[in-house]
1. Residue under question is GLY181, and the condition is that it be surrounded by fewer than 19 Cβ atoms within 10 Å (Cβ to Cβ) and in contact (Cβ under 8 Å) with a residue 12 or more places away in the chain; does it hold?
2. When the range 120-140 is examined, which residues are found to be in a strand (DSSP E or B) and surrounded by 16 or more Cβ atoms within 10 Å (Cβ to Cβ)?
3. Return yes or no: is LEU154 closer than 23 Å to PRO225 by Cβ, crowded, with 17+ Cβ neighbours inside 10 Å and of a type outside the set (Val, Ile, Thr)?
4. In the set ASP122, ASP129, which member is in contact (Cβ under 8 Å) with a residue 40 or more places away in the chain and in the same structural domain as GLY147 (by TED's automatic domain parsing)?
5. Going by the conditions given, is GLU143 in a loop (DSSP other than H, G, I, E, B) and out of contact with any strand residue (DSSP E or B) (no Cβ under 8 Å at 6 or more places or on another chain)?
6. In this structure, does GLY159 turn out to be within 16 Å of the ligand (Cβ to nearest atom) and at pLDDT below 95?
7. Give the range 185-209 a look and list any residue that's near the ligand (Cβ under 6 Å from one of its atoms) and aliphatic (A, V, I, L, M), or say none.
8. Has the range 220-237 got any residue that is more than 18 Å from the chain's Cα centre (by Cα) and β-branched (Val, Ile, Thr)?
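The values are calculated or read from the model by the stated rules, or taken from the named source; none is laboratory data. A quick note: this is a predicted structure, and the numbers were derived from the prediction, not measured. Every residue, glycine as well, gets a Cβ built from its backbone with ideal geometry; the counts of neighbours run over all protein chains shown.
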Amino acid sequence: MSTRRRASGAGRRKADKPKPPASRTAPKSKKRSGQRRAGRAISRRAAGGPAPKARADSSTSAGPAPKARPRLRIDILTLFPGIFESVFKHSLLGKAAARGLIEVGIHDIREHAEGRHKVADDAPYGGGDGMVMKPGPVVRAIEKARGEVGWVILTTPAGALLTQARARALSAREHLVIVCGRYGGVDERVSQIAVDEEISIGDYVLGGGEPAAIVLVDAIARLVPGVVGNAESTIEDSFEAGLLEYPQYTRPASFRGLDVPAVLLAGHHGDVSRWRREEALRRTRERRPELLDKETAADLRRASKKKETP
Ligand code: ADE
């Protein structure tokens, strides 16, 4: 995963590689509550939670204060804040926000642009298509949002590919700031000065970094302890063991002539586990052979040999 070194003197820390979770390395921010007030947090109500009581500051996450501070705070910096409202309201993240596990703030980068017209982008030096996001508004938005322990991520097709392992590592952090790239890109000095890590969600180009931020937040949020009811279910996900997930079935046992594999109906726990492992290996070999490392490839050979010799 590529990480960026902030310009010497200008950045808060050197970041050749992702730091271990901030909660283990950095002191707790004393400005935390002020920092929370900085953004337009998705309210508990918007997230499907109880109606908020009137508060003096409408920019904080509304509703009765959660008993404990959220495990993870995510601030998203974008030129299109409206994109996120309904997506998060109707997702797992909405429920996590309602339960006080995760707190999300959406911030409009344009608020940090100068002049009457609040221009946040400009033509690229050297020519070319598209507009480039100006460094000033983006860096100012980051500096306002990141507080003391915020880990700053830029979504860009030029970033390192998001993996399940990276999502898990990010889910252990205390505060993430996600900057959505847009147009023809973001002025490179933003990364040099204020970004810790650049992430791409796949080898294709989106119109902007907002859908990538949604994917990133979803992948991270479900790994925060307590967000997904049964922790086992995230451990068994595709990619957690370096394999694609085995096939799943539910009732009815027979559907349009296709039967659920007998092993799943027999109720023998050991047999079910073995079958799932073999199916996960088979699928991975067929669909994503590059995921199989030497160890799993050897496992796979052993499993298919066993099948051949009755
Ligand atoms: N912005 C445009 N395309 C992207 C991608 N594939 N990943 C992250 N951000 C992007």
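1. Here the answer is no, as GLY181 does not meet what is asked.
2. ASP121, VAL132, MET133
3. No; evaluated as a whole, the condition is false for this residue.
4. Exactly one of ASP122, ASP129 is in contact (Cβ under 8 Å) with a residue 40 or more places away in the chain and in the same structural domain as GLY147 (by TED's automatic domain parsing), namely ASP129.
5. no
6. no
7. Residues satisfying the conditions are ILE201, VAL205, LEU206.
8. No, the range 220-237 has no match at all.
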